[in-house]
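Chemist: Sharing a structure with you now.
The values are calculated or read from the model by the stated rules, or taken from the named source; none is laboratory data. Owing to the predicted nature of the structure, the values given are computational and were not obtained by experimental measurement. Positions of Cβ are generated from backbone atoms using ideal geometry, with glycine treated the same way; all protein chains shown enter the neighbour counts.
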């Protein structure tokens, strides 16, 4: 019982202690002279700089005294602030406007327009005075050159026609009249921009020789198409992820002279297609490229019935195609060796994984281009081929039948001078 009475006495004591303040906050109206508006005139677009928010309180009746803490709790947050990085100051922005009613004298608080972000720093840029160090004059304007946009494509097309003629009449030393001609067309389209590389090449060659005693014979015949597409991860690296396509064949029938009745090769007999993926190291300025492909498909086509029945160029007897899977590498390098003389070296190596791995097919072309002037150029070159699938044939006993022997090195050497037109 005593414990219950003691609890009631303590509660009554605290109620009597806080009753005057609660009564003043709830029932007593504000007087006109109780609080004054502490917001100063704005200087920068509703932004007010104040040193310390202060509310001047005038003493009134003792029982009416509003504490600043009570007012802040009613209007929190009363200000938002931001940092002026130029003047190194803190800017306060009022969120409520304090007004007094003329009739009743009560204080009312009118909210200002809301901000999207409060307490966010307001960055003010500060610029130094502009100074002209190198003024532009009328003479300088005349020297300006308008630059064209960069060209990522490099196009080159060259047509060469070379001819050779020999005529003899009552020539004591002897000789045969002959006329020879060679036509070459090369078309190159190269695209290189930042991460992408795409090279396309077409080489067409055809040559004939007319001899007084031997008749018309073919001296050169080639169709060669190359296409290489590469992609690199950045502009610093010279390594490209690369896919490569290569196609080779000839225009007309080839013969083992003087036999012109039985062709040993024809158009698309043979034809070779290489297609693979790998990586290429490419130096644009040095015109050097090294291609490595561990995944390359080689297809051999013999679309002539007689040659396919003979099993020519490595196809099975009666078959017209043969497919191989192996490793292929190709190196191409073009370099000026002296004034007006440019060397071109192209070497291709291939070996089959499934059939005779380590037996390497070789295709090597070495050319020297000699420039006399814009229109006259000479060419000295050699072409070496070794393919284990191409067997050597020769009539050794004179019975008119060609005997088949093993693969041998094929070598062609040319020198010609002629008219060249670039477009």
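Chemist: Quick check on my filter: what residues within the range 207-230 are assigned to a strand (DSSP E or B) and within 18 Å of residue 260 (Cα to Cα)?
Modeler: 207, 208, 209, 210, 211, 215, 216, 217, 218, 219, 220, 221
Chemist: Hey, among the residues in the range 274-289 that are in contact with a strand residue (DSSP E or B) (Cβ under 7 Å, 6 or more places away or on another chain) and surrounded by fewer than 17 Cβ atoms within 10 Å (Cβ to Cβ), which one's modelled with the lowest pLDDT?
Modeler: Result: 284.
Chemist: I would also like to ask the following. Tally time: how many residues in the range 159-190 are more than 19 Å from residue 221 (Cβ to Cβ) and assigned to a strand (DSSP E or B)?
Modeler: 5
Chemist: Residue by residue through the range 327-359, note down the ones that are free of Cβ contacts under 8 Å to residues at least 24 places away in the same chain and either in a loop (DSSP other than H, G, I, E, B) or exposed (fewer than 14 other Cβ atoms within 10 Å of the Cβ) (or both).
Modeler: 336, 338, 339, 358
Chemist: Of the residues that make up the range 331-350, is at least one over 30 Å from residue 191 (Cα atoms) and assigned by TED's automatic domain parsing to the domain that holds residue 201?
Modeler: For the range 331-350, residues over 30 Å from residue 191 (Cα atoms) and assigned by TED's automatic domain parsing to the domain that holds residue 201: absent.
Chemist: Looking at 161, 197, which one is exposed (fewer than 15 other Cβ atoms within 10 Å of the Cβ), farther than 26 Å from residue 268 by Cβ and touching a residue at least 40 places away in the same chain (Cβ under 8 Å)?
Modeler: Being exposed (fewer than 15 other Cβ atoms within 10 Å of the Cβ), farther than 26 Å from residue 268 by Cβ and touching a residue at least 40 places away in the same chain (Cβ under 8 Å) holds for just one of 161, 197, which is 161.
Chemist: In this structure, does residue 240 turn out to be over 26 Å from residue 204 (Cβ atoms), in the same structural domain as residue 211 (by TED's automatic domain parsing) and crowded, with 16+ Cβ neighbours inside 10 Å?
Modeler: Taking the combined requirement at face value, the residue satisfies it.
Chemist: Then there is this: Given (1) on the phi < 0 side of the Ramachandran plot; (2) in contact with a helix residue (DSSP H, G or I) (Cβ under 8 Å, 6 or more places away or on another chain), identify the lone condition not met by residue 331.
Modeler: (2)
Chemist: A follow-up question, please. From the residues in the range 379-422 that are within 47 Å of the chain's Cα centre (by Cα) and outside any strand (DSSP E or B), which one is nearest to residue 362 (Cα to Cα)?
Modeler: It comes out as 387.
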